[in-house]
Amino acid sequence: MDCDRDCGSDAGAEWVWVRRPVEAEAAAAAAGWPADEEARPLKVVFASPATYFTDAAPIGNGRLGAMVWGGVESERLQLNHDTLWTGGPGNYTNPKAPAVLSNVRSLVYNGKYPEATSAAYDLSGDQTQVYQPLGDINMIFGKHIKHTNYKRELDLHTATVNVTYSVDEVLYSREHFASNPHQVIVTKISANKPGNISFTVSLTTPLDHKILVTDANEIIMEGSCPGERPQNDNSASDHPIGIKFCAILYLQTNGANSKVEVIKDKMLKLDGADSVVLILAAGTSFEGPFIKPSESKLDPKVSAFTTLSVARSMSYSQLKAYHMDDYQSLFHRVSLQLSQGSNYQLADNRIGQSAQAGSQDATVSNYAFPIADCTRSAVLNDSVKPTVDRIITFKDNEDPSLVELLFQFGRYLLISCSRPGTQISNLQGIWSNDPSPPWDAAPHPNINLQMNYWPALPCNLSECQEPLFDFIGSLSVNGAKTAKVNYEASGWVSHQVTDLWAKTSPDAGDPVWALWPMGGPWLATHLWEHYGFTLDKQFLEKTAYPLLEGSSSFLLDWLIQGHREYLETNPSTSPEHYFIAPDGKKACVSYSTTMDMSIIREVFSAVILSADILGKSDTNVVQRIKKALPNLPPVKVARDGTIMEWAQDFQDPEVHHRHVSHLFGLYPGHTMSLEQTPDLCKAVANSLYKRGDEGPGWSTSWKMALWAHLHNSDHAYKMILQLITLVDPKHEVSREGGLYSNLFTAHPPFQIDANFGFPAALSEMLVQSTGTDLYLLPALPRNKWPHGCVKGLKARGGVTVNISWKEGSLHEALLWSSSSLNSLAKLHYGDQTATISISSGQVYRFSRELKCLKTWPL
């Protein structure tokens, strides 16, 4: 059918979108700073269709995600929905655990660490459930299509993926985006000559499903997830009911001679259209982590049709305008410029073979090893040059604009996979094409889940953190049962891995990862951090404090008085890291690891500070915390000058281990700093040297942030070099870390955490803050980025920061605060310190000498 008759034509009523100026831009303009370069591209560019999942381009609206493969003869949009998981609510308690716990504690008390490690296996629980793909939109355009001028690009400014190519005299284009306002995925396919759009389209899924094709240009796919975690033995007949889903694909066609017909009751065939718009809506029966799928009252088909009915009443330009307004109101809050312009010189006049974008035989995943000589001009515009080649040549040219792109790509991904009302970003965000993804794509709160949300506050995306707070609330419900039954403790607890159903019990298997009850406490620190940045007292009182108090109640009960002088955590592990016990055997279970104590201090401190603000300092919990704090063991320095990871100076069998858990107190914690604990910071640096630079992507990002907090710009920059290294998906296990051609970060395989850790760490190189102190450019690599500007970064105290620098030194800074509660008192740059006072709603302009030059209303 013609969309003019059904869904609001674009013809004659084209919507024109005009972007609102954001705070940071307005403040910069008022200060006379030059405007951002409008033409400055932020594009992930591909010279050919995707061959691997990590060549595809991600789009998402928080709930729905898609990976655009961009084929010419066939297009694939691989789909995800954030609530599609196996299973249902679980029992996260173990009545036998208290007896096992008593035995383990006794073994640890007597120094029998290998025996305690063996006994601790009986404290393990069940595996998590598994994240599932929704399916695919498959479009078949023909066979043996001879095409030229192929390009596929993800534009971070607009959150759209565009695919263009030519066949003879016809230029074809596809535009894809995921709309948060309308909760749909939208694709427009068009050509520069009428009547040239013809293809067949279908919906498929690896899950149990049925397909219905109507005569209303709709394909309806209904199905369900497995009601339990898939096992090797699936012979049981009493499988429980899993989450149900429905996806509806709707076609809006345009063209006087276009025709649509149903093929084999499964596909739609479109012929002779001028253009077509595809709208994908989806819903599931997930009603919350405590409701069994069999008891859900939600009808996913009704939900999907309700969503679709609103979207199909809009023209394409209207849908895109709403999408752009929503997305850019978040994305454009922060701009970063580390280089003078968007062109750069390629080292040695070389580019990768895959830059031959005009050749249909070029495939991104060939990765252009080795690099070919190029006799043409060596200066290419970033918006044209394939990103894979930019990654390859980064070791030679260290192009700052690629660093900018990776920074903003992380912010783009967070906006795209975590929005108010959605689920938390999992191990792959929301993008997964495998019914059995690595590590089940389950959120891991022993670093990975936390890192997913590290950029939310400093990078000015605080709303994107709301799903985390909702999820912590769910964990506190299940975690109270786990704490009571497993550990005979009050409060709530959560361990090293979780899932859609807010699993709080230990994982199955080795205690080196499973026995780690600090996942909940670490997550709880994010609640206090949110208050620290926003000064939202209502959030602190209604949301954060009850959860922090519950976490601290568990920790107070978990701490025990050992035969040593301090309170202890027993059993205790340092995440995923073994040690050599005094008897020469490997073990992982001991007592009072440094990370345990660092997290506990962080939670206790947050509760005391929160209680002071809320007038709750006389409560029993606060009094118990104040009594416990002086009896916690201090961070200690080992014989080799490093931070001791365990309570004793055990031999480390894996000195280059990927985790740097014992350095938590420096970052993201606050119990170590160059000013307050210089000797410990020296030991942190020694620890980082000992660990080495290599490691998974998330480890690289964490080390980058740690070096930034040591104000070591050279080594922080070295970690950028470490991360921006191309990973070939055909041989990804040959190294740790790196980037795929679509800028996804690698463990390997793909894990999204480093995509988020990178912008967080980069922001720490440019701005650091406490409640009272603000540090400008604390770890700027001056010789690498001598000129630059950042606008819109956030600091604690509700403060927003713009900074410009020239010739490697601070030029000017603009500060303003949205809160009258901010307690910012000192401004630091290098060896200079200025005492300042910031009033709400006023912009303050500071010189390189930290003198306030001017103030004006925001």
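Suppose each label sits 7 Å from its Cα in the direction of the beta carbon; what would the ARG40-GLU849 distance come out to in nanometres?
2.9
With r as the distance between the Cβ atoms of ALA30 and ARG229 and R0 = 56 Å, compute the FRET efficiency 1/(1 + (r/R0)^6) and round to 0.05. Don't jump to the answer; show the numbers that get you there.
Working: r = 57 Å, r/R0 = 1.01.
The computed FRET efficiency comes out at 0.50.
What percent does the relative contact order of the range 31-100 come to when contacts are Cα pairs within less than 8 Å and at least six residues apart?
18
Using Cα pairs under 8 angstrom and six or more residues apart, how large is the relative contact order of the chain, in percent?
Working: 2078 pairs, mean separation 112.7, N = 858.
Normalised by residue count, the contact order of the chain is 13 percent.
Pop out the ³J(HN,Hα) list for the range 711-718 in order, Karplus 6.51 cos²θ - 1.76 cosθ + 1.60 with θ = phi - 60°, rounded to Hz; leave Gly and Pro as x.
Along the range 711-718, the couplings run 6, 9, 5, 5, 7, 4, 5, 4 Hz.
Helix 594-614 sits at what angle to the longest principal axis of the chain, using alpha carbons and giving 0 to 90 degrees rounded to 10?
90
So what is the relative contact order for the range 106-193, in percent, with contacts set as C-alpha pairs under 8 Å and at least six apart? Numbers along the way, then the final one.
Numbers: 94 pairs, mean separation 13.3, N = 88.
Reported relative contact order: 15 percent.
In nanometres, what is the gap between the two model label sites at THR214 and SER118, each 7 Å from Cα along Cα-to-Cβ?
Computed distance between label sites THR214 and SER118 equals 6.5 nm.
Can you tell me the FRET efficiency between GLU565 and LYS586 if r is taken as the Cβ-Cβ distance and R0 is 22 Å, rounded to the nearest 0.05? Could the numbers behind the result be given before it?
Details: r = 28 Å, r/R0 = 1.28.
So the FRET efficiency works out to roughly 0.20.
Scan around LEU726 for amide H atoms under 5 Å from its own, H built in the peptide plane at 1.01 Å from N, and keep only partners 5 or more places away or cross-chain.
Those qualifying (amide H under 5 Å, at least 5 residues apart or on another chain) are LEU739.
How much net charge surrounds THR160 when only the other residues with a Cβ under 14 Å from the Cβ of THR160 are counted, with Lys and Arg +1 and Asp and Glu -1?
Numbers: positive: LYS43, LYS151, ARG152, ARG174, LYS188, LYS320; negative: GLU153, ASP155, GLU175, ASP325, ASP326.
Charge balance near THR160 sits at +1.
Calculate what fraction, in whole %, of the accessible area of the chain sits on carbon and sulfur atoms when a 1.4 Å probe is rolled over the protein chains.
Working: 15070 of 30770 Å².
Result for the chain: 49 percent of the exposed heavy-atom area is carbon or sulfur.
In debye to the nearest 20, how big a dipole does the chain give about its Cα centre with +1 on each Lys and Arg Cβ and -1 on each Asp and Glu Cβ? Before the final figure, lay out each step's value.
Details: 71 positive and 90 negative charges, 215 e Å.
Rounded to the nearest 20 debye, it is 1040 debye.
Arranged from highest to lowest average of other beta-carbon atoms within 10 Å per residue, in what order do the peptides 167-176, 184-193 appear? Don't jump to the answer; show the numbers that get you there.
Values: 167-176: 16.4, 184-193: 20.7.
Packing proxy ranking, top to bottom: 184-193, 167-176.
Quick one: accessible area per residue over the chain, 1.4 Å probe, rounded to a whole number of Å²? The partial results should precede the final answer.
Numbers: 30770 Å² over 858 residues.
Value returned for the chain: 36 Å² of accessible area per residue.
Going toward the positive end of the dipole of the range 80-218, with +1 on Lys and Arg Cβ and -1 on Asp and Glu Cβ, which of THR160, VAL170, ALA119 do you reach last?
So the residue we want is ALA119.
Going by accessible area, probe 1.4 Å, with all protein chains left in place, what is the ranking of TYR322, TYR689, largest first? Before the final figure, lay out the partial values.
Numbers: TYR322 100, TYR689 130 Å².
I get TYR689, TYR322, largest accessible area first.
Put +1 on the Cβ of each Lys and Arg and -1 on the Cβ of each Asp and Glu in the chain; which of PHE533, THR187, LEU457 then has its Cα farthest toward the positive end of the dipole?
The one lying farthest along the dipole's positive direction is PHE533.
Residue by residue through the range 159-168, which ³J(HN,Hα) values in whole Hz follow from phi under the Karplus form 6.51 cos²θ - 1.76 cosθ + 1.60 (θ = phi - 60°), with glycine and proline marked x?
6, 10, 10, 10, 10, 9, 6, 10, 10, 6
Heavy-atom accessible area of LYS210 with all protein chains present, probe 1.4 Å, nearest 10 Å²?
Solvent-accessible area, nearest 10 Å²: 130 Å².
What distance in nm separates the two pseudo spin-label positions at LEU609 and GLU169, each 7 Å out from Cα along the beta-carbon direction?
With each label placed 7 Å out from Cα toward Cβ, I get 6.9 nm.
If LEU203, LEU858 are ordered by their accessible area, calculated over protein heavy atoms with a 1.4 Å probe, which sequence runs from highest to lowest?
On the way: LEU203 5, LEU858 95 Å².
Correct descending sequence by accessible area is LEU858, LEU203.
With θ set to phi - 60°, apply the Karplus curve 6.51 cos²θ - 1.76 cosθ + 1.60 along the range 211-223 and write out the HN-Hα couplings as whole Hz, x wherever there is a Gly or Pro.
Working through the residues one at a time gives 10, 10, 10, 9, 8, 9, 6, 10, 10, 10, 10, 10, x Hz.
Calculated FRET efficiency, SER106 and GLU654, Cβ-Cβ r, R0 30 Å, to nearest 0.05? Let's see the in-between values first.
Values: r = 28 Å, r/R0 = 0.93.
That gives a FRET efficiency of 0.60.
Can you pull the semi-axes for the chain, root of five times each eigenvalue of the Cα gyration tensor, sorted largest first, whole Å? Mind showing how you got there, number by number?
Numbers: eigenvalues 384, 228, 134 Å².
Whole-Å semi-axes of the equivalent ellipsoid: 44, 34, 26.
Which GluC sites (Glu not before Pro) from the range 767-858 combine a DSSP loop assignment with at most 16 other Cβ atoms within 10 Å?
Numbers: sites: GLU807, GLU812, GLU849; in loops: GLU807, GLU849.
Within the range 767-858, the qualifying GluC sites (Glu not before Pro) (loop, at most 16 other Cβ atoms within 10 Å) are GLU807, GLU849.
Could you give the spread of the C-alpha atoms of the range 595-727 along their three principal axes, from largest to smallest, in whole angstroms?
54, 31, 27
Contour minus end-to-end for GLU287 and LYS266, with contour as 0.36 nm per residue of separation and end-to-end as the Cα-Cα distance? Each step should come with its number before you reach the end.
Values: separation 21, 0.36 × 21 = 7.56 nm, distance 2.95 nm.
Stretched fully, the GLU287-LYS266 segment lengthens by 4.6 nm.
Amide H to amide H under 5 Å from GLY798: which residues, 5+ apart in sequence or cross-chain, H placed 1.01 Å off N in plane?
Close amide H contacts, sequence-distant or interchain: THR534, LEU535.
Please list, short to long, the whole-number percent of alpha-carbon pairs of the range 700-858 in consecutive 10 angstrom bins beginning at zero.
That works out to 11, 35, 29, 16, 7, 1, in percent per bin.
Using only the heavy atoms of the protein chains and a 1.4 Å probe, how would LYS43, LYS264, LYS730, LYS542 rank by accessible area, largest first? Mind showing how you got there, number by number?
Details: LYS43 45, LYS264 160, LYS730 100, LYS542 140 Å².
Order by accessible area, largest first: LYS264, LYS542, LYS730, LYS43.
The values are calculated or read from the model by the stated rules, or taken from the named source; none is laboratory data. Only a predicted model underlies this, so the values are computations on that prediction, with no experimental measurement involved. Cβ coordinates were reconstructed from backbone atoms using ideal geometry, including for glycine residues, and neighbour counts include every protein chain displayed. Heavy atoms of the whole protein, side chains included, go into the accessibility calculation; ligands, DNA and RNA do not. Shrake-Rupley method; radii C 1.70, N 1.55, O 1.52, S 1.80 Å.
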